[in-house]
Each structure stands twice: as C-alpha cells, then as structure tokens.
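Sharing a structure here in structure tokens format.
The values are calculated or read from the model by the stated rules, or taken from the named source; none is laboratory data. No experiment lies behind these values; they were computed from the predicted model shown. Don't worry about glycine lacking a Cβ; one is built from the backbone with ideal geometry, like all the others, and counts go over all protein chains shown.
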Amino acid sequence: MSKKLRTPREALAKMDNGATVMIGGFLCVGTPETLIEEVLRKDTKDLTLIGNDTGFPDRGIGRLIVAKRAKKVLASHVGTNPETGRQMHAGETEVVLVPQGTLAEQVRAGGAGLGGVLTPTGVGTIVEEGKQKITVNGREFLLEVALQADYALIKAHKADELGNLVYRRATRNFNPLMAMAAKTVVAEVEEIVPVGELDPDEIITPGLFVTYLVKRGKKDE
Amino acid sequence: MSKDFARERIARRIAHELQDGMVVNLGIGLPTWVANYLPSGSEVLLQSENGFVGLGPAPLPGQEDPDVTNAGGQPVTIVPGGACFDSAMSFAIIRGGHVDVTVLGALEVDEEGNLANWMVPGKMVPGMGGAMDLTVGARRVIVAMEHTAKGKPKILKKCTLPLTARQQVDLIVTELAVIEVTPQGLVLKEVAPDTTVAEVVAQTEATLIINTVKVMEV
C-alpha cells in the first residue's frame with residue numbers, strides 16, 4: 001500500500017478558493033478527469049488555471065470553465081471550447097493566450113529554479129507587448145518569466161508506491177513539466193505497482209516530485 | 001473548382017517538397033492532408049507537437065488508441081521507430097531548428113513573408129497553439145492555403161491581422177500558384193495548368209516578381 005495514495009477528496013482537501021492550478025493534458029489526452037471531477041464537487045472558485053488548452057465543454061479543463069471556476073486562464077489554445085471564448089469576450093474570465101512552446105518552457109523553468117527563459121517566439125507579434133526584449137548575439141528574444149502553482153493536477157499511466165511515474169504515448173505532454181512546478185502535486189494514475197516493478201530507466205517523473213497519488217475513476221464513498 | 005479539389009491539389013504539390021530523412025510538422029486542417037500524398041515507403045519523419053515523432057496514418061475503425069492522437073485531437077498511429085516525449089522536448093525540437101519543414105495554413109501572408117493565422121480580433125480568437133513556435137523555429141515554412149477567401153486576396157502587400165510571426169514564410173502553395181518568398185519580394189514560380197499568370201496576378205494583392213514561370217505539377 002502506497003503512503004501517497006489518497007482518495008480524490010483527501011488529495012484536494014486543502015485546495016482553497018483563489019489557488020493557482022496547473023492541469024496536464026492536450027485536448028484531454030493525459031488530463032486527470034477524476035481530479036477535475038473533485039474540483040467541481042468541492043466547489044473551489046476563483047482559480048487561476050494553467051494548461052495547454054481548455055479542452056471541450058464537457059471534458060477536461062473545459063468543465064471547470066463551463067462551471068465558472070476560473071477567474072484567469074493561461075493556455076495556448078481555447079478554440080475547442082466556445083465557452084472559454086465567450087467568457088473572454090464578455091470580460092467574465094481573463095484569458096491569457098501563450099505560445100505552446102513558451103508555456104511549456106515557463107512551466108519547466110518554474111520547476112527548475114529558473115527565473116524565466118529567452119525565446120524568439122512571439123517577437124514582432126502582440127505576444128511581445130509588455131515584455132522585456134533581450135538581444136543575444138544579435139538576435140532578439142522575449143523574456144518569458146517562470147510559472148509556478150499551488151497545485152499541479154497531472155495524469156500518468158502507472159505509478160509505483162513511491163510515486164515514480166511512467167506515461168503512455170501522447171499523454172505525457174505537460175504532465176512531467178507541471179510535476180516539477182507546483183507545491184502540491186497530485187498524480188492521477190491507472191495503476192499502482194509495488195516498488196521495484198518499474199525499471200529506473202523507464203521512470204519519467206521521479207517520485208520525489210509527487211505529493212499524492214489518486215487512482216483514476218476512484219470515487220469517495 | 002471545389003474546395004476539396006483545391007485542397008487536394010495544394011496538398012499534392014506540397015508533398016513534392018518533402019524528402020526522405022526530413023523531419024516535418026504538418027499543421028491542423030489542410031496541412032495534414034499532405035501526409036496522404038507522400039509516396040509509399042516515404043521516410044519523411046512526421047512530428048506531432050503534442051508529443052511524438054513517427055506520426056502514422058489514421059487507425060482502422062475500432063483500433064483507435066485514446067492515448068494516441070494528433071495535435072488536432074484526432075486518432076492517429078505511431079509508426080515503428082516513433083518516439084514519445086513531453087511538451088518541452090517537443091518544442092525544443094521545433095524551436096531548436098530540428099524540424100526541417102513545417103506546413104501551416106494561413107489567413108493572410110504578405111510580401112515580407114509575414115504570416116497571420118491565429119486570430120481575427122473580436123471574431124475568432126482560438127489561440128496560437130504551437131503555430132508561433134513552428135513558424136519561428138522550423139527551418140523552412142510552407143504556407144498551404146487557398147489563394148483567396150470569398151474572392152478576396154489572402155496574399156497581401158501587408159498583413160492586416162495580428163501576426164503569427166514576422167518574416168518567416170519561405171514558400172506559399174495555393175491551388176493556383178507556387179510563390180517563393182525572397183529578400184526581393186514574392187517570386188511567382190509556378191502556375192496551375194488551368195489558370196494563367198495574369199489570372200494569378202489579378203487574384204493577388206501583393207506584387208509578384210515574374211521571371212520564368214513553370215506549370216505547376218498537379
């Protein structure tokens with residue numbers, strides 16, 4: 001039995017209104033739906049959500065948008081969820097659109113102890129507005145600051161009892177990056193195996209990053 | 001010309017630009033059609049920015065794997081030899097110049113090779129996804145688009161919409177023409193067999209440099 005194993009309710013018990021929450025997944029592939037379900041149930045509000053996209057109205061981060069749980073969203077793409085666009089245009093939710101590679105690096109930097117990264121992406125576009133431009137070897141870069149969060153809700157395929165994680169196929173996306181960048185990291189997994197069953201070479205996220213494990217589909221009584 | 005016929009022609013022509021050994025990223029929509037026209041046995045390595053290389057064809061019905069989709073969320077396959085990675089590595093591949101060619105759709109392109117394809121202020125603001133990184137990072141940027149939208153030119157003197165990236169487009173392929181972006185401006189390289197140079201010029205707002213124009217292979 002893993003010391004990190006929790007029910008969804010236990011794992012997110014201390015998530016408060018106004019928290020900053022990173023949520024893994026790419027168009028709901030690799031998104032922790034069981035944890036999102038729990039955020040919906042516990043009625044947490046005014047969240048700042050960070051994710052690649054806002055999913056679909058009935059799936060992934062999209063469900064939190066539809067339920068008006070976010071005051072601010074950082075994402076690279078919101079086109080698959082018309083409700084995000086509607087709230088953005090109506091001024092109900094602040095939506096910051098970030099180039100996908102920039103978002104990945106901001107999250108990675110947040111977990112890696114860096115202040116930010118210099119990227120050529122966005123130079124000469126509206127993305128550069130309000131940002132510091134730095135010239136290195138004659139080329140212009142934007143300073144994109146690191147991102148950190150109170151919670152990272154991530155999805156992995158398999159964990160061992162120590163929280164070491166492996167991912168499957170395209171579900172990896174932002175999950176290992178977010179696992180490094182939040183104070184509390186909750187990993188939703190399909191399966192938990194005994195320590196020693198995962199080959200150290202195959203582990204993508206070392207268990208030291210993972211606070212709690214939740215089994216996918218697990219419901220609190 | 002029907003929309004599908006036009007799109008098929010564009011995709012077929014762009015497929016000729018891709019060679020074995022190249023790492024290629026195809027954008028969502030029309031660009032994904034290019035994969036359908038690669039010769040059998042092609043060794044072009046397709047990158048999918050959601051996290052793998054070795055993007056293969058759509059699976060047979062009933063064999064979809066929910067963990068294997070393209071960047072548009074559609075079920076795809078990973079060919080033998082494919083490799084999975086996280087988003088930071090995916091964009092290190094893209095930004096770091098390890099993608100030889102990216103094929104992207106466009107709302108507008110202009111004489112300087114500026115590209116606008118991610119938003120129409122007040123109307124359509126889906127977000128840029130990976131398009132800004134791809135445009136800046138790929139070694140060669142090919143725009144795949146219909147020549148006009150509702151009869152209005154899309155190849156302009158200057159883009160009017162918010163840019164995706166500045167001066168990054170290398171080649172524009174439409175159902176009517178193949179146009180190369182050079183430091184001197186846009187060079188008309190090929191026109192389709194069912195149109196004329198004059199017709200292409202009439203449907204293009206930007207100035208086209210015309211020297212030797214070939215017939216586009218379609």
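Among the residues of the range B:1-30, write down those that are in a helix (DSSP H, G or I) and under 18 Å from B:GLU217 (Cα atoms).
B:ASP4, B:PHE5, B:ALA6, B:ARG7, B:GLU8, B:ARG9, B:ILE10, B:ALA11, B:ARG12, B:ARG13, B:ILE14, B:ALA15, listed by residue number.
In a loop (DSSP other than H, G, I, E, B), modelled with pLDDT of 95 or more, under 29 Å from A:ARG86 (Cα atoms) and not aromatic (Phe, Trp, Tyr): is that true of B:PRO162 in this structure?
yes
What single numbered condition from (1) closer than 23 Å to A:VAL66 by Cα; (2) under 15 Å from the mean Cα position of the chain (by Cα) fails to hold for A:THR84?
The failed condition is (2).
Something else now. Would you mention how many residues in the range B:167-213 are within 14 Å of chain A (Cβ to nearest Cβ) and buried (at least 20 other Cβ atoms within 10 Å of the Cβ)?
Of the residues in that region, 2 qualify.
Now for a separate question. In the set A:GLU140, A:GLU191, which member is over 20 Å from A:GLU105 (Cβ atoms) and touching a strand residue (DSSP E or B) at 6+ places or on another chain (Cβ under 6 Å)?
Checking each option against the conditions leaves just A:GLU191.
Also: Return yes or no: is A:THR171 β-branched (Val, Ile, Thr), within 19 Å of A:ASP53 (Cα to Cα) and either touching a residue at least 60 places away in the same chain (Cβ under 8 Å) or more than 13 Å from chain B (Cβ to nearest Cβ) (or both)?
yes
So, one more: Tell me the residue from B:VAL79, B:VAL24, B:VAL44 that is farther than 26 Å from A:MET180 by Cβ and either in contact with a helix residue (DSSP H, G or I) (Cβ under 8 Å, 6 or more places away or on another chain) or in contact (Cβ under 8 Å) with a residue 60 or more places away in the chain (or both), please.
B:VAL24
Also, quick follow-up: Can you find a residue that is surrounded by fewer than 21 Cβ atoms within 10 Å (Cβ to Cβ), within 12 Å of chain A (Cβ to nearest Cβ) and not β-branched (Val, Ile, Thr) anywhere in the range B:136-144?
no
Select from the range B:39-53 the residues that are surrounded by fewer than 17 Cβ atoms within 10 Å (Cβ to Cβ) and either at pLDDT 95 or above or under 15 Å from the mean Cα position of the chain (by Cα) (or both) and list them in ascending order.
B:GLU43
Quick grid of which residues meet (1) within 12 Å of another protein chain (Cβ to nearest Cβ); (2) in contact with an Asp or Glu (Cβ under 8 Å, 6 or more places away or on another chain); (3) among the hydrophobic types (A, V, I, L, M, F, W, C):
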residue	(1), (2), (3)
B:GLY62	no, no, no
B:ASP65	yes, no, no
B:ALA71	yes, yes, yes
B:ASP86	yes, no, no
B:GLY97	yes, no, no
B:THR102	no, no, no
B:TRP118	yes, no, yes
B:GLY122	yes, no, no
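Next up: Only one residue in A:GLY101, A:GLY122 is in contact with a Lys or Arg (Cβ under 6 Å, 6 or more places away or on another chain) and facing chain B (nearest Cβ under 10 Å). Which one?
None of the other options fit; the residue is A:GLY101.
May I ask you to list the residues in the range B:12-39 that are within 14 Å of chain A (Cβ to nearest Cβ) and out of contact with any Asp or Glu (no Cβ under 8 Å at 6 or more places or on another chain)?
B:GLY27, B:ILE28, B:GLY29
Is there any pair with a first residue in the range B:123-146 that is touching a residue at least 40 places away in the same chain (Cβ under 8 Å) and a second that is among the basic types (Lys, Arg) and in a loop (DSSP other than H, G, I, E, B) whose Cβ atoms are under 8 Å apart and which are 6 or more apart or on different chains, and what are they?
B:MET145/B:LYS154; B:GLU146/B:LYS154
A further question on this structure: Which numbered condition in (1) within 13 Å of chain B (Cβ to nearest Cβ); (2) touching a strand residue (DSSP E or B) at 6+ places or on another chain (Cβ under 6 Å); (3) without any contact (Cβ under 8 Å) to a residue 12 or more places away in the chain is the only one that A:ALA90 fails?
Unmet condition: (2).
Within 13 Å of another protein chain (Cβ to nearest Cβ), assigned to a loop (DSSP other than H, G, I, E, B) and under 26 Å from B:LEU163 (Cα atoms) - does that describe any residue in the range A:29-46?
no
Looking at the range B:63-80, is at least one residue on the phi > 0 side of the Ramachandran plot, modelled with pLDDT of 95 or more and buried (at least 17 other Cβ atoms within 10 Å of the Cβ)?
No; the residues of the range B:63-80 include none that is on the phi > 0 side of the Ramachandran plot, modelled with pLDDT of 95 or more and buried (at least 17 other Cβ atoms within 10 Å of the Cβ).
Working only within the range A:47-73, note down all residues that are out of contact with any Gly (no Cβ under 8 Å at 6 or more places or on another chain) and part of a loop (DSSP other than H, G, I, E, B).
Correct list: A:PRO57, A:ASP58, A:ALA67, A:LYS68, A:ARG69.
Among the residues of the range B:40-60, which ones are within 14 Å of chain A (Cβ to nearest Cβ) and outside any strand (DSSP E or B)?
B:GLU49, B:ASN50, B:GLY51, B:PRO59
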